[in-house]
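Each reported figure results from applying straightforward, stated rules to the coordinates on display, with no laboratory input. Fair warning: this is a prediction, and the values are worked out from it, not measured in the lab. All Cβ positions, glycine included, derive from the backbone under ideal geometry; neighbour counts span all protein chains shown.
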Amino acid sequence: MNKTLPKLLRRTTLILGVIGSLVYAEDSFAQKKKKKGQETPTAAAPVAPARPQNGGPATGPKPYKEVITAKAKTKEGLFKVHQIEEKFYYEIPDSLLGRDMLMVVRIAKTADGIGYGGENTNNLMVRWEKNQDDILLKVVSVNNYAADSLPISMAVKASNLEPILQKFPIRSRGTDSTGTVVEATDLFTKDNQALGLQRNRRTEYKVSRLDNERSYIVHVNSYPINIEARYVLTYAAAEPPSNSATGLITLEMNASMILLPKEPMKQRLADQRVGWFARSYVDYGADEQRATSRRYLDRWRLEVKPEDMEKFKRGELVEPVKPIVYYIDPATPEKWVPYLKQGVEDWQKAFEAAGFKNAIIAKEAPSPEEDPTWSPEDARYSVIRYFASDIQNAYGPHVSDPRSGEILESDIGWYHNVMNLLRNWFFIQTAAINPDARGVKFDDAVMGRLIRFVSAHEVGHTLGLPHNFASSVGYPVEKLRDPAFTKEFGTAPSIMDYARFNYVAQPEDKGVSLMPDVGPYDKYAIMWGYRPILEAKTPEEEQPILDKWILDKKGDPVYRYGRQGNNYDPTTQSEDLGDNAVKASEYGIKNLQRIMPNLMEWTAEEDKPFKDYSDLEEMYGQVIGQYNRYMGHVRTNVGGVMEVYKSAGQGEAVYTHTSKEMQKAAVDFLNKQLFATPSWLMDENIIARIGDFGALERIRNTQVTTLNGILEWGRLGRVIENEALNGSEAYKITELFDDLRKGIWTELSAGRAIDVHRRALQRAHIERLELLLTGNVVQLPAQFRQFAGPQINASQSDIRPMARGELKTLQSQIRSAIGRTSDRMSKLHLEDALARIEKILSEESGE
């Protein structure tokens, strides 16, 4: 749930994922079901004499019983896995040689400072292939493709030689001569980067080597369609992130190897107008005069039963061949289980829009007595995993077949301390109107409803839906105060936005809803991605119908998708609500002003009279943080550009500048609510209880961060471009600088005293103007520039002349104001400000 640039680029993820259910695999499910970990007696095999290898001594395959001895502990599954003391052997059926499999590598247990348990570090499609007396484990790329029937496929294969992840000498033949035995120990205990610590973290922590003496296999378990290996790796590191005196990093890793279906699911082609997790490859066989990228959705395989085809065609709801099933981790506290299940099944109504009933189901994990074979590691089962961790987060990943996008399985990660995060959000955003949120410990029913909300959000990710940051502006601000409207539609069209709770609602809005639900956009997106189009035989034949479904919603903001990470679009922001950030933030500030006088009372606990003020400090910090979000929501309108995806056939603009009126209203709001000192945030009773220093810095930091964000190179570049394109309809850079100066330096005209916060803000303004006059845009490393987009050339733009003009205007106004100012500290401040400006102008001109 979702957080500088190099860190963002090396994630993924979303903050986002692995997804799961029961996966069909023809060969695997035909196997006879055995109990987990059941030891299988090793049958005697025909003795095959060892034969010379490459003309040397008899070092080739040995008789089966000489390799898999009576000491072997055997587990049945995808492969037979034999453990003999600390060695592990795979018995690979001939039928699985050459089959596509997916290797999913995760951190199971982590050192402090290295990610989190459950973090996906690598996905590889692999094949086991025989080469004389060896078995090769190859990594198969799907990044480049051409159909085998086309001549160009030979060129594609010649340019994409598959790397060999590991070579295994054949130790023996299988018991019935249809399998091959190899020792797999080194795959997990030697330094195989693909299955261990990632390269960027090795560089960051200055890892020199893997310590084999302190690396070992915990267990290897085999299931009908997957093999799960758990292993511990210890690295020597010059700069480990924790326990630095040891010079070591130890991680516990988990590698899942999942058999992919023989027949890949039919792809559904992606469209940027509907938000969806998608993957792509370069199709060299397409009928184009260039290499074309083909993007297709990550989604579950939901199919209509043959006997229900006519019902489906008539528009009746039908059950899918195989539903999506989520199990709740047995480690979950019992009282939260019903809410996690409800969060899963909240999506049933969305799948009904796609034509399916009972398409997604939540179940409690069976007890060992009910099913001794059940394990959360088994790839046949998707599980909401409950972690006893102080991390305040939850995440909804998914693992997909790279050939088709079929989602294979998912383990949603749920950290115990996400409840603290929910407590903080709900308190700060609703306590002004909601008695249930006025405390540091909520009733179980209240916390349970919040858990259900987050559960539904994370499940949405596992179904294929990314964050839709345009959703939160889909409803007018005033409608968020309407009890009837919010009860029917929630507070945002999609639960996949970061539209937390209803901070717009006021105390008089009795009965108003406080949070989003699986909404109209979610139902539409699930329908668009999952509804079978029976008449289409190929993905291309589906496209006209998919396009029509999009155009049917054309122009309706409820059904718009907006990507995460567009920092200049005021309509795709995190944590916002409503279609007007100024109005919504004004309502939000009113509620914060209601909370502040009650903060000490609402963070106290009558049954704990000896507690300290840590809760008061945390919640005061949450007030400042929420206030800061409102400033950011409004600031983004300045130089804002709205992005609404369109197809070329629509013939409409994708990018639209924020109106002049809205930009000017945003600056007026900031002048009044932020740059004019927000003294209501500085309650002496609270400050005296939470720290000996820092109260002034909190306010200064918010003011300066917001100001610098307005006067940022890229934003100013957009303001300039807007004027060049739209003339008098644009909010000009001269108007922006004038409005800021008048708001930040209001005391000059009357010679009034300037308080300590305003003095700091005014100095920050001068410093920012100096940067704009003499500084340069920071040039990103070449490998990152593609993510940043065009960058303005500071020396050739209007920014420097504008900054110089502002400094000269301030120079004149400050010089005049000094004589009118009687307050001594204010006069000293103005004299200092004048000296700073004169120095900047003098040094810049070379005098």
Next on the checklist: Give the lysines whose C-alpha is closer than 21 Å to that of Lys554, dropping any in the same chain fewer than 8 places away, or say none.
Outcome noted: Lys523, Lys646
Item to check | Average Cα contact separation per residue, the stretch 280-398, under 8 Å, 6 or more apart, as relative contact order % | outcome: 24 percent
Checklist outcome for this item: Descending packing, highest mean Cβ count within 10 Å first, for 796-809, 78-91 is 78-91, 796-809
Checklist outcome for this item: Simple SL model, points at 7 angstrom along Cα→Cβ for Arg214 and Lys487; separation in nm is 6.2 nm
Checklist outcome for this item: Distance in Å, no decimals, from the C-alpha centre of the stretch 397-464 to the one of the stretch 217-268 is 26 Å
Checklist entry - 222 nm [θ] for the chain, helices only, -39500 (n - 2.57) per DSSP H run of 4+, per residue, to 500? => result -10000 deg cm²/dmol
Item to check | Coil-residue GluC sites (Glu not before Pro) of the stretch 339-412, DSSP, other Cβ within 10 Å capped at 15 | outcome: Glu369, Glu370
Checklist entry - Which net charge results for the neighbourhood of Asn468, defined as the other residues with beta-carbon distances under 10 angstrom from its beta-carbon, given Lys and Arg at +1 and Asp and Glu at -1? => result 0
Checklist entry - Using a cut-off of 23 Å between alpha-carbon atoms, which lysines can reach Lys206, once sequence neighbours fewer than 8 places away in the same chain are excluded? => result Lys7, Lys109, Lys190
Item to check | Label of the coordinate-derived value, semi-axes √(5λ) of the Cα gyration tensor in Å, listed as (i) 55, 31, 30; (ii) 57, 35, 26; (iii) 50, 34, 24 | outcome: (i)
Item to check | Exposure proxy ranking, count of Cβ atoms within 10 Å, fewest first, for Asp522, Asp517 | outcome: Asp517, Asp522
Item to check | Taking the convex hull of Cα positions in the stretch 274-430, its mean projected area over all directions (nm²) | outcome: 14.4 nm²
Checklist entry - At what distance in angstrom do the alpha carbon centres of the stretch 538-588 and the stretch 304-330 lie from each other? => result 29 Å
Checklist outcome for this item: Most exposed to least, judged by fewest other Cβ atoms within 10 Å, Leu161, Leu711 sort to Leu161, Leu711
Next on the checklist: For a quick check of your reading of the filter: which chymotrypsin sites (Phe, Trp or Tyr not before Pro) in the stretch 679-760 sit in a DSSP loop and have no more than 12 other Cβ atoms within 10 Å?
Outcome noted: Phe693
Checklist entry - Roughly how many Å is it from the Cα centre of the stretch 692-713 to that of the stretch 480-529, as a whole number? => result 32 Å
Item to check | Radius 12 Å from Cβ of Ala835, net charge of other residues (Lys, Arg +1; Asp, Glu -1) | outcome: +1
